[in-house]
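Worksheet: the structure to be examined is printed underneath.
The values are calculated or read from the model by the stated rules, or taken from the named source; none is laboratory data. These numbers come from a predicted model, not from an experiment. Cβ coordinates were reconstructed from backbone atoms using ideal geometry, including for glycine residues, and neighbour counts include every protein chain displayed. Heavy atoms of the whole protein, side chains included, go into the accessibility calculation; ligands, DNA and RNA do not. Shrake-Rupley method; radii C 1.70, N 1.55, O 1.52, S 1.80 Å.
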Amino acid sequence: MLPLPFLLKRLPFCSANVIHHSYCEHMAVVKLACADTTFNNIYGIVVALFIVGLDLFFIICSYVLILRAVFQLASTEARTKALGTCASHICAILSFYIPVVLSSVVHRFGKNVPNHIHILLANVYLMLPPLINPIVYGVKTKQIRTRVKSVFSIHFICSTNVCSDMRKDHSKQHSHWNGRHIN
């Protein structure tokens, strides 16, 4: 990150001084410059590929070792439980890397992409991982998984206009929570 301010300082900025983002992203500031920004673009791509590439390399190596150990477990139940944990980790990793890569690619190569799409992608990159992580790791808990399934099944049924009868039946079936009656 240290070279980025120095790379920006050498660029002349002519007229616009407003970036269309929720936060100050390097490529958004580079686009305001009225000079050749090829070096900044190349530096940004190389650093992004290096960081993401190294991360993915180490993650893949780790998972190869983890999966080798998991498949050597004697119990099928232990293997299933370990693979479930791995699946949660992979979902969390993907929820971070997919928005990062999309935002980076659209910024560098999306010349005709409207500003609101850049803002949307930047906000998805910031908000999606912390929003998805509790869901990804919480779904492993049986109580949470059962409750999420029941909520989604009611919303699906309600969207098909058979809602009123189903809500009554659902509220009768789920009127007890932890042994206490809910009025």
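Quick notes on this one:
- Residue pairs meeting the criteria (Cβ under 9 Å; at least 6 apart or on separate chains; first among the polar types (S, T, N, Q), in segment 89-103; second assigned to a helix (DSSP H, G or I) and open to solvent by 30 Å² or more (accessible area, probe 1.4 Å)): Ser95/Leu128; Ser95/Leu131; Ser95/Ile132; Ser95/Asn133; Ser103/Leu121; Ser103/Val124; Ser103/Tyr125
- Residue within segment 109-122 that is open to solvent by less than 50 Å² (accessible area, probe 1.4 Å) and touching a residue at least 40 places away in the same chain (Cβ under 8 Å) present: yes
- Residues of segment 8-47 classified as closer than 16 Å to Asn115 by Cβ and among the basic types (Lys, Arg), total: 1
- Taking the criterion of being farther than 17 Å from Arg108 by Cβ and of a type in the set (Phe, Trp, Tyr), the residues of segment 1-49 that qualify are Phe6, Phe13, Tyr23.
- Matching residues in segment 36-84 - criterion: being charged (D, E, K, R) and under 22 Å from the mean Cα position of the chain (by Cα): Asp55
- Check on Val113, β-branched (Val, Ile, Thr) and assigned to a helix (DSSP H, G or I): no
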